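The values are calculated or read from the model by the stated rules, or taken from the named source; none is laboratory data. Computed from a prediction, not measured in an experiment: that's the story for all the values here. Here the Cβ is made from the backbone with ideal geometry for all residues, glycine too, and neighbour counts use every protein chain on show.
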Amino acid sequence: MVAKKGGNRGEDAEDELKREPLQAILLADSFATKFRPITLERPKVLLPLVNVPMIDYTLAWLESAGVEEVFVFCCAHSKQVIDYLKNSKWFGQPNFAVSTIESHDSISAGDALRLIYERHVINGDFILVTGDTVSNMPLIQALKEHKERRRKDNNAVMTIVIKQSKPSSITNQSRLGTEELFMAIDPGTKQLLYYEDKADDRKGTISLDKGLLMDNASISLHNDKQDCYIDICSPEVLSLFTDNFDYQHLRRHFVKGLLVDDIMGYKIFTHEIHASYAARIDNYRSYDTISKDIIQRWTYPLVPDVQFFGNCASKLERRGMYRASEVGLSRSAQIGPFTVIGNGTSIGSNTEISDSVVGEDCVIGSNVSIEGCYIWNNVTIENGCKLRHAIVCDGVIMKSGAVLEPGAVLSFKVVVGQQFIVPAYSKVSLLQQPVIKDSDEELEYDDNSSGIIGIPSISSTPEKLNDQFGTKLSDSQRRAGSEVGDGGVGFIWSLGEGGHEEEWRHSVAPIPADKLIEIIRTATDELEISNQDGNFLPPSGELEPDSVDNDSDEDARDDYSYFEKEVEATFLRAVHENVKEDHIILEVNALRLSYNLTSTDCASALFYSMMKLASDTPHDTPGELVKNVATVITKWKQLLKDYLSSIDEEIEVILKFEELCLESTKEYTPLFVQVLHLLYDQDVIQEKAILDWASEKEEAEESDKLFLKQAEKFIQWLNEASEEED
Amino acid sequence: MEIARGMDFQVVVLAGGFSKSLVPLVSKKVPKALLPVANRPVLSYVIDLLEQKNLKDLIVVVEGETAAHSVSAWISGTYIDRLHVEVAAVPEDVGTAGALRAIDHRLTAKDILVVSGDLVCDVPPGAVAATHRRHDAVVTALLCTAPASGPSDSGSSGAKDKAKKPGRYNIIALDPTKQFLLHIAAGAEVEKDIRVQKSILRAVSQMEIRADLMDAHMYAFKRSVLQDVLNQKETFQSLRRDVLPYLVRSQLRSELLSNGVQSDENGNSKDAMQNAKILPSQLLANASTPSFHELYALGPDGSSSITRKTHKCCVYIANKSKYCARLNSIQAFSDINRDVVGDANHLSGYSFSAQNNVIHPTAVLGSKTTVGPQCMLGDGSQMGDKCSVKKSVIGRHCRIGSNVKVVSSVIMDHITIGDGCSIQGSVICSNVQLQERVILKDCQVGAGFVVTAGSEYKAESLAKK
């Protein structure tokens, strides 16, 4: 049993705390795919972390922190989780009730919480954690703060736990392998005001709503905090998830949703822990980091030599080495620092192991070199193998001389052939990689919502999986064999597109030095480029007005192009379906109002539509094209003229035509004067408009005068004509 | 603070010209710099402040020839024997950056202290200069607590406004040690969303964004940098809105030093080279913790394989008890006059009587006339019977009739006020004549204007056409 930390729960806590048992929801499914292919066969929460399933760390912590009732929500491999809990000591503890809630169709934390809401089991403030959390933080203080805030302000629905952790200045990821996090916190009240966890590299700035400073005299912006994914929630959180049925992810949807919603006024607060440990295993890198933290005793009392539920005794020796009681160790084997060796494992002569975890009942041969690896149970490693920064799951057999390069992951029961070299960052499994279609879907989820598992095979029960497995094994074994060497069994999963980027970021292997240099180089290059372009730093002093203006310009342009498309569609409908002109005018006016544009814009959009129609009508020679234009203009000039109430609008049409010639329809480029003349003859554009346009263009740059030069003669003629008239 | 002089600082006072926002208070004869605050020109507050700190070599830059003449005449009359003041006239509307560009050739010292001529404050400039030198910064700005009333607030001012939310002058981001300026939004930007550069936040880990500080427009610049920026960025108009934000924004990817090599400025490029070289050794030698700039400059791997150019933008935050205000609006004019004879009367340079007011010995008061606390009455002014003056400043040689009430107002020199007038929350410029029974509330009356008998105005600006 872990000693209770942070004082006795009943002592200084409020009466409320005593009356209502403290409840917790433990999500035994991370709704992510980062631990594939391992999680295809076993749920993530049951994966061993320093030889103890992750969920045991979470439960042991909750128990020691004074939680009395835990609801374990299982979805993927729910049967395995329930079976594990049934056979563990967690069921039937006094003062610590563990019950499971099973679901087969939840695809996100949001679904899980909605389901729990329907069960009506939560009746007060509760702790929300995932089953992959390792922590030793006392909850009393955070809970007390949360309840005090609640009493004053009913809208304070959630307190999230954060911890100091500066992301690397090179990779911009935290030591846990998660993306850097930007948060704005009110330094006085600790209210969370802004949360950005998925860094969009293109955006060099954080944009905070101006309203924030209206209410707060100062705001702290942080880039040095880590989200522990330990939340203290009020019961409203569950109903909020039910109300907003599209909320899936706890942070990306729920937290951000609450922060931008200023109608309901719900508030989220932060609680920063300093001395205690809290982290979540999100990916392979955090698996590596947290394992090392456990071995180096940051998580005390959840360390290998203190017995809590689920682990068996081991002894701490010199240099941070833990050894279980029954280890068969050859005299010449060298077990380096910060290494854990599980029960019943035997290690051959001249074998070197350092910074690694070896599970139970493993057989490691002679002359094996293991560095920074996580070797689970019942693994056989034959003589002369070499393993670097890899994860080796239960039942794997590595034949003699096989090599694992950094970042490799061998899933359950894979056999690596003799002398075979498993390349860096490769993932080997007995199961074939899900087909591309699925993974596309998955990628989409990954990017947009959180990586939700949408593949039925994941949530299928282990029996079903075994069935599939059993039938497939015989024929797949032969095919798979060649992938991992002679006598090997397993498929090497191909990395998705752009997957490489992710692999080194999130693997157990340290980031290679050349990669780091590469990043620094590109970062510097980018800086230089952006400096040259002046994108990053606009030449004028004020950044904001510039960029904001750009934004609004872009918006306006976007708006305009949508508008143009709609006008075109309307016009084409008119052409093909013989809609009356009046109706078109009505429709175009409606569009103008809805896009908040001027009648000048209507004129240029309509003109564009007409020219487009003309160029889209089949033609062989430029002459025919001009004929097309003539036909269209003759037919529709009344419509166009409806929007040409002044000279300015006519000039706008000429300018639009120029743009058309230059950009979208280059066909018109040599025909500029001809069409202009046509427009003049048809009385669409008056002489004055052309002359005004010409004089306006006189001052333009040389490159801009292309069409002016083309039209030189025509303009001259116009000038002379007008003089004659005078 | 003798050091300030020994430190090779050159002082430039930007005295402005005829500020449009101060019409009708300013006129051809009275440019902004000469507007009276407690019966002496506002410019004298800055010059006295500098003089106290032994900064006696000044360049006063005035927009417009006429204004320059007026200012020059006043300075030579007042400071002739004590200070060495050069008055430089620059064209109107060139902006603060343009003004410095125009006097570029006169800037020779290593660092330049630029002070706005409309600043009324008691923060020692030496403190800003020392901060600047200590960090070897390219710019150091003086920040002070924003006054209680907002910049755009109008109407009568007084204690009742104190409860108001602080006005938003600037949005400023500082590092946790409050020494470095990481972001500044000025002018119209203040009303927009706050955009903070991630690269700076990454380097500094944590920043504090505040809306309760005001850029007081007192800056120490490294001369070479200032000249570089002014020459290269020809579109820059304003120090506050363009130059300072630019320097702040580019602090982690400084364009200054590299450009310094090309510029033919003497010793500038050498400076840059030396800086880059000295840095690591300085770090080792210095026991103090390096700033995030220095760490960042060393590159992410801590080695100097890739040197990044950075520069430092520092701040000196004035103590809350210090007074600091800029006379840049009519409201500010009234507020500053009120404060200088009121809460901040140590600035006025007068000794206040037991009744907490200043009545010049030559002033004449009629019977039953009362002058309340926080008031000032200039020399040679006369007041009739049964008058009442509260929280107001009255200038020199004014003739005020009987039964006149003056509350929270500023009355300049040579003004005639008829019997039975009531003036509240107003500013009356020189040579104005108020005939009998005029009632003014929250008005500004331009120089030489005549208000006819019995008229009543509220919140209006009266001036000669």
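Residue under question is A:E650, and the condition is that it be at negative phi and surrounded by fewer than 18 Cβ atoms within 10 Å (Cβ to Cβ); does it hold?
no
Taking helices (runs of 4 or more DSSP H) that fall entirely within the range A:14-114, which contain at least 2 residues that are touching a Leu at 6+ places or on another chain (Cβ under 7 Å) and modelled with pLDDT of 90 or more?
By residue number, A:54-64, A:78-87.
Among the residues of the range B:77-94, write down those that are out of contact with any strand residue (DSSP E or B) (no Cβ under 8 Å at 6 or more places or on another chain) and of a type in the set (S, T, Y).
Matches in the range B:77-94: B:T78 only.
Looking for something part of a helix (DSSP H, G or I), more than 10 Å from chain A (Cβ to nearest Cβ) and at pLDDT 70 or above - is there at least one such residue anywhere in the range B:233-254?
no
Would the range A:187-197 turn up any residue that is touching a helix residue (DSSP H, G or I) at 6+ places or on another chain (Cβ under 8 Å), without any contact (Cβ under 8 Å) to a residue 60 or more places away in the chain and at the interface with another protein chain (Cβ under 9 Å from one of its Cβ atoms)?
Within the range A:187-197 (the criterion being touching a helix residue (DSSP H, G or I) at 6+ places or on another chain (Cβ under 8 Å), without any contact (Cβ under 8 Å) to a residue 60 or more places away in the chain and at the interface with another protein chain (Cβ under 9 Å from one of its Cβ atoms)), the answer is no, since none of the residues qualifies.
Identify, by number, the condition in (1) touching a residue at least 60 places away in the same chain (Cβ under 8 Å); (2) more than 14 Å from chain B (Cβ to nearest Cβ); (3) within 30 Å of B:S199 (Cα to Cα) that A:G257 doesn't meet.
(1)
Applying the selection to the range A:641-663, what residues are outside any helix (DSSP H, G or I) and either free of Cβ contacts under 8 Å to residues at least 12 places away in the same chain or outside the structural domain of A:V629 (by TED's automatic domain parsing) (or both)?
Matches in the range A:641-663: A:S646, A:E663.
Among (1) of a type outside the set (G, A, S); (2) surrounded by fewer than 19 Cβ atoms within 10 Å (Cβ to Cβ); (3) touching a residue at least 12 places away in the same chain (Cβ under 8 Å), where does A:W636 come up short?
The one condition A:W636 does not meet is (2).
Which pairs turn up if I take residues in the range A:53-81 that are assigned by TED's automatic domain parsing to the domain that holds A:E118 and within 11 Å of A:G131 (Cα to Cα) and look for partners that are of a type in the set (K, R) and at pLDDT 90 or above with beta carbon separation below 8 Å, at least 6 apart in sequence or on another chain?
Short answer, once both residue conditions are applied: A:M54/A:K44.
Among the residues of the range B:30-44, write down those that are under 20 Å from B:D379 (Cβ atoms) and part of a loop (DSSP other than H, G, I, E, B).
Passing the criteria: B:V30, B:L35, B:A38, B:N39.
Each row is one residue, and each column tells you yes or no for (1) touching a helix residue (DSSP H, G or I) at 6+ places or on another chain (Cβ under 8 Å); (2) farther than 23 Å from B:A186 by Cβ; (3) at pLDDT below 90.
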site	(1), (2), (3)
B:H84	no, yes, yes
B:D122	yes, yes, yes
B:P125	yes, no, yes
B:H135	no, no, yes
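Scanning the range A:658-702 for residues that are among the small types (G, A, S) and farther than 16 Å from A:A603 by Cα, which turns out surrounded by the most Cβ atoms within 10 Å (Cβ to Cβ)? Don't jump to the end; show me each part of the working.
Just the residues of the range A:658-702 that are among the small types (G, A, S), to begin with: A:664, A:689, A:694-695, A:700.
Narrowing the set further to residues that are farther than 16 Å from A:A603 by Cα leaves A:664, A:694-695, A:700.
Values: A:S664: 13, A:A694: 21, A:S695: 11, A:A700: 11.
Checking each candidate, the answer is A:A694.
Looking at the range A:326-343, I want the residues that are closer than 21 Å to A:P48 by Cβ and have a partner that is aromatic (F, W, Y) with Cβ atoms under 8 Å, at least 6 apart or on another chain. Which pairs are those?
If the second residue must be aromatic (F, W, Y), the pairs left are A:T339/A:Y322; A:V340/A:Y322; A:I341/A:Y322.
Against the conditions (1) touching a residue at least 60 places away in the same chain (Cβ under 8 Å); (2) at positive phi; (3) surrounded by 19 or more Cβ atoms within 10 Å (Cβ to Cβ), where does B:N403 fall short? Just the number, please.
Status for B:N403: all satisfied but (1).
So for the range A:170-181 (the condition being surrounded by fewer than 16 Cβ atoms within 10 Å (Cβ to Cβ), at pLDDT below 90 and within 24 Å of A:L240 (Cβ to Cβ)), does at least one residue qualify?
The answer is no, given that none of the residues of the range A:170-181 is surrounded by fewer than 16 Cβ atoms within 10 Å (Cβ to Cβ), at pLDDT below 90 and within 24 Å of A:L240 (Cβ to Cβ).
I want to confirm something. Restricting to the range A:159-186 and keeping residues that are among the hydroxyl-bearing types (S, T, Y), part of a loop (DSSP other than H, G, I, E, B) and touching a strand residue (DSSP E or B) at 6+ places or on another chain (Cβ under 8 Å), which single residue is farthest from the other protein chains (Cβ to nearest Cβ)?
Keep residues of the range A:159-186 that are among the hydroxyl-bearing types (S, T, Y), which gives A:159, A:165, A:168-169, A:171, A:174, A:178.
Those left that are additionally part of a loop (DSSP other than H, G, I, E, B): A:165, A:168-169, A:171, A:174, A:178.
With the extra rule that they be touching a strand residue (DSSP E or B) at 6+ places or on another chain (Cβ under 8 Å), the set shrinks to A:165, A:174, A:178.
Working: A:S165: 10, A:S174: 12, A:T178: 15 Å.
The qualifying residue farthest from the other protein chains (Cβ to nearest Cβ) is A:T178.
Could we say that A:F31 is surrounded by fewer than 24 Cβ atoms within 10 Å (Cβ to Cβ) and out of contact with any Cys (no Cβ under 6 Å at 6 or more places or on another chain) here?
no
Restricting attention to the range B:390-410, which residues are farther than 21 Å from B:L35 by Cβ and out of contact with any strand residue (DSSP E or B) (no Cβ under 7 Å at 6 or more places or on another chain)?
B:S402, B:N403
From the set of residues in the range A:317-360 that are of a type in the set (D, E, K, R), buried (at least 18 other Cβ atoms within 10 Å of the Cβ) and farther than 16 Å from A:L387 by Cβ, which is modelled with the lowest pLDDT?
A:R323
Please pick out the residue among A:L606, A:L593, A:L613 that is at pLDDT 80 or above, under 45 Å from the mean Cα position of the chain (by Cα), assigned by TED's automatic domain parsing to the domain that holds A:K637 and more than 21 Å from A:L655 (Cβ to Cβ). Walk me through how you get there before you give the answer.
On the way: A:L606 fails: more than 21 Å from A:L655 (Cβ to Cβ); A:L613 fails: more than 21 Å from A:L655 (Cβ to Cβ).
Only one candidate qualifies: A:L593.
Looking at the range A:200-214, can you tell me whether even one residue there is of a type outside the set (V, I, T) and more than 10 Å from every other protein chain (Cβ to nearest Cβ)?
Within the range A:200-214 (the criterion being of a type outside the set (V, I, T) and more than 10 Å from every other protein chain (Cβ to nearest Cβ)), the answer is yes, since at least one residue qualifies.
Taking A:I268, is it surrounded by 18 or more Cβ atoms within 10 Å (Cβ to Cβ), assigned by TED's automatic domain parsing to the domain that holds A:Y194 and not in a loop (DSSP other than H, G, I, E, B)?
Values: surrounded by 18 or more Cβ atoms within 10 Å (Cβ to Cβ): yes; assigned by TED's automatic domain parsing to the domain that holds A:Y194: yes; not in a loop (DSSP other than H, G, I, E, B): yes.
When the stated conditions are applied, A:I268 passes them.
With the structure loaded, tell me whether A:R175 is among the basic types (K, R) and under 30 Å from A:I517 (Cβ atoms) or whether it fails that test.
Details: among the basic types (K, R): yes; under 30 Å from A:I517 (Cβ atoms): yes.
Criteria met by A:R175.
Within the range A:407-421, how many residues are among the aliphatic types (A, V, I, L, M) and either closer than 12 Å to A:P37 by Cα or in a loop (DSSP other than H, G, I, E, B) (or both)?
Here the count works out to 4.
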